[in-house]
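See below for the structure under consideration.
The values are calculated or read from the model by the stated rules, or taken from the named source; none is laboratory data. Because the structure is a prediction, the values reported are computed rather than measured. Because the Cβ atoms are built from the backbone with ideal geometry, glycine has one as well, and the counts that use them run over all protein chains shown.
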Amino acid sequence: MMAAKTSIDEFKNLLNSSNRILALCGAGLSAASGLPTFRGAGGLWRNYDPTSLATPKAFQRDPVLVWFFYAWRRHLALKAKPNRGHYALAELAKKKDNFLCLTQNVDGLSPRAGHPESKLRLLHGSLLDNKCFNECGYIDRNNLSDPVCPALAPAAEDYPSHQTLPLLDPNVPVPSVKTEDIPHCPNCKTGLLRPGVVWFTESLDGEMLSEVNDWVDQERIDIMLVVGTAASVYPAAGYTFKARDKGAIVVVVNPDADSSRGLTPRDFFFQGDASEILPQLFEGVIGKMDEYGNIL
Ligand SMILES: [Zn+2]
């Protein structure tokens, strides 16, 4: 199999002459910001498989437990900072009119890096959105309160690194909190609020997906960037396939060598961390970036 290209200079020329660009980002984009992903390696939260807490059924059964899990993830996401990869994509979005970035990440770091909202789609929602579990339509976007409510404060405490947050110790019982004391919907007054992320067994927002499909179908796509996620796994695989069909050259940025699978000699593969590679790749369009993500 012929390998994809790896020349940064060649990519810079391509980017300069490109108009329509589609990006799809996954957990690898936020890796340098230090957020756990819960994928692979059997990561547990207390004694729970995190995927067993990320369903409507789990929330119905024990909303307090599920809220503690999410209140803790919100706390980590709010403590984390966007990295140079987020800033580089945000800057590229400001420079290129026809750039659409899809992210699978729910950590809110791309919006916090100033990525223009009109050029960003949060495929899996956001940890920082709270919406009505009764589906009355209420949604509170970008809620930055930490803790999300006083009763969930034990999820938002900071401990010295040699100690464990009691909430994370399976031998310490989950603090007893009444259902009345977790967030309720101010609109219908009967529903509980839940994290605005897409849970297992739920489908992605249909309106958003059809809008993305319309964008993809409109006209030729010059570049499809796949950042920190496997291009051969859905949904990335679906978008990569469609973008290729519209003429796109596929560009994969990922530390994992396996993620270059399926690339052709006209594509590009850059092996490494997005926070280091993206600022280099986009430099010709966005300018030089310092270590904090500021354009010099
Ligand atoms: Zn409601």
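Side notes on the structure shown:
- Number of positions in region 190-202 that are part of a loop (DSSP other than H, G, I, E, B), touching a residue at least 60 places away in the same chain (Cβ under 8 Å) and surrounded by 16 or more Cβ atoms within 10 Å (Cβ to Cβ): 2
- Matching residues, region 152-178, being surrounded by 10 or more Cβ atoms within 10 Å (Cβ to Cβ) and among the charged types (D, E, K, R): Glu157, Asp169
- Residue selection: Leu128 satisfies the criterion of being more than 16 Å from the ligand (Cβ to nearest atom) and buried (at least 18 other Cβ atoms within 10 Å of the Cβ).
Results for (1) among the hydroxyl-bearing types (Ser, Thr, Tyr); (2) at pLDDT 95 or above; (3) in contact with an Asp or Glu (Cβ under 6 Å, 6 or more places away or on another chain); (4) not assigned by TED's automatic domain parsing to the domain that holds Gly108, shown as yes or no for each residue.
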{"residue": "Ala4", "(1), (2), (3), (4)": "no, yes, yes, no"}
{"residue": "Leu14", "(1), (2), (3), (4)": "no, yes, no, no"}
{"residue": "Ala27", "(1), (2), (3), (4)": "no, no, no, no"}
{"residue": "Ala31", "(1), (2), (3), (4)": "no, no, no, no"}
{"residue": "Gly43", "(1), (2), (3), (4)": "no, no, no, yes"}
{"residue": "Arg46", "(1), (2), (3), (4)": "no, no, no, yes"}
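One line per residue, one yes/no per condition, for (1) away from the ligand (no atom under 16 Å from the Cβ); (2) in the same structural domain as Ile139 (by TED's automatic domain parsing); (3) within 21 Å of Lys131 (Cβ to Cβ):
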site: Leu165; (1), (2), (3): yes, yes, no
site: Pro173; (1), (2), (3): yes, yes, no
site: Val177; (1), (2), (3): yes, yes, yes
site: Asp181; (1), (2), (3): yes, yes, yes
site: Asn187; (1), (2), (3): no, yes, yes
site: Gly191; (1), (2), (3): no, yes, yes
site: Met208; (1), (2), (3): yes, no, yes
site: Asp214; (1), (2), (3): yes, no, no
site: Asp222; (1), (2), (3): yes, no, no
